1. Which whole-number percent is the relative contact order of region 1-112 (Cα, under 8 Å, 6+ apart)?
2. Decide, for region 1-72, between rounded, prolate and oblate: order the square roots of the alpha carbon gyration tensor eigenvalues as a ≥ b ≥ c, take rounded if a/c falls under 1.5, and otherwise choose prolate if a/b is larger than b/c, else oblate.
3. At 1.4 Å probe size, with every protein chain present, just tell me what the per residue accessible area of region 24-68 comes to in Å².
4. Between the DSSP loop rule and a limit of at most 15 other Cβ atoms within 10 Å, which trypsin sites (Lys or Arg not before Pro) in region 3-70 are left?
5. Using modelled backbone amide H atoms (1.01 Å from N, in-plane), which distant-in-sequence or interchain residues come within less than 5 Å of residue 60's amide H?
6. Evaluate the charge dipole of region 1-133 about its Cα centre and quote only its size in Debye, nearest 20, assuming +1 on the Cβ of each Lys and Arg and -1 on the Cβ of each Asp and Glu.
Amino acid sequence: MSDQIIGLHEWLESPTGRYLLAWERAQLDLAVADIFGFHALQLGLPELEALAANRMPHRWLASQTLTPGAAFVTDFSALPFPANSLDLVVLPHSLELARDPHTTLREVERVLVPEGRVVICGLNPTSLWGLRQRHARTRQRAGAQNLFLPESGEFIGYWRLRDWLRLLGFEVEVGHFGCYRPAFSSDKWSHRFEWMERAGARWWPILGGAYFLVAVKRVRGMTLLSPAWKASRALANAPVSVANSSTLTQANALNDKKVTRE
C-alpha cells in the first residue's frame, strides 16, 4: 500500500478491498433475492451492486456526490422520499461514511414501510482488520501517513449497531461475520491464508473483518391481516355441528310409531 491516506473507493481496488467486495456481493445476492415489494434503494458505494439480485420494479442508487450510475444525489440524513414508502434500503458501509450515522439510520426507519427491510454491511472493529486500523491511526497521529484500511470514519461495532436498531423498532433477522484473512496488500499472501475462512467461521466467528446484517421494521400495535380468500376457505371447510347419535335415534323411533298408528 502506498504511503498515503486513502479513501474507501481507492481502498476497494486493493487486494483486500476486492476480497471484501466479493464476500459482500455473495451475502447480498442471497439476502435481497427473496425480499419483495416495489421500491428498493441503495445508499452509496456504486462499486457494489447491492440490488442486482433483487426483483423489485423500482430500484435506485443514491449518492452524496455526483457519481456515475447514481439515480440522484442526496444527503443520506434527509432522503427525498415520503414516510413509509420504501420496501428495502441497503447501506453498504454508508453508516461508516456518514457524518451522523444515528440520523441516517433514523431517516432509513422513516422511509421504510412497516415490515420493510434494511440491509447493512460494515467493517468490524473487533477483528484483525480493526486492530490494524487502530494501530495505523496511532501511527498517523505520530506523523506517519499510512492507513492500512480506508479513512472512512469510525467503524461501528456489530453489537452497538444492533442496539441502535432495537431502539428504532427494528428486529434483526440475519446477522453474521466474514472475511477472516488478514488484510494483506498482495493477492499471493491472501490466497495462502484462505484456510482461515473455514477456521474463523468455526472457531472465532465474531472476529471477522466485516459483518452483514438484515433487520425488519416492526410497528407496535399493527396486525397483518390474512387475505380474504383464506378466511373463506377456512369457513367453507369448517365442520358442521350435528346432533348426537342418541338424539337422532330417539327422533327416528318417534317417527316410526307415528307411521304405525296411522
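1. Value for region 1-112: 23 percent.
2. Because a/c hits 1.5 or more and a/b fails to exceed b/c, region 1-72 counts as oblate.
3. With all protein chains present, region 24-68 gives 52 Å² per residue.
4. 55
5. For residue 60, the qualifying residues are 40, 41, 42.
6. In debye, rounded to 20, region 1-133 gives about 120.
The values are calculated or read from the model by the stated rules, or taken from the named source; none is laboratory data. Predicted model only: the values in this text are computed from it and were never measured. Neighbour counts are summed over all protein chains in view; Cβ atoms, including those assigned to glycine, are modelled from backbone coordinates with ideal geometry. Heads up: the accessible areas ignore ligands, DNA and RNA and are worked out on the full protein's heavy atoms, side chains in. Shrake-Rupley method; radii C 1.70, N 1.55, O 1.52, S 1.80 Å.
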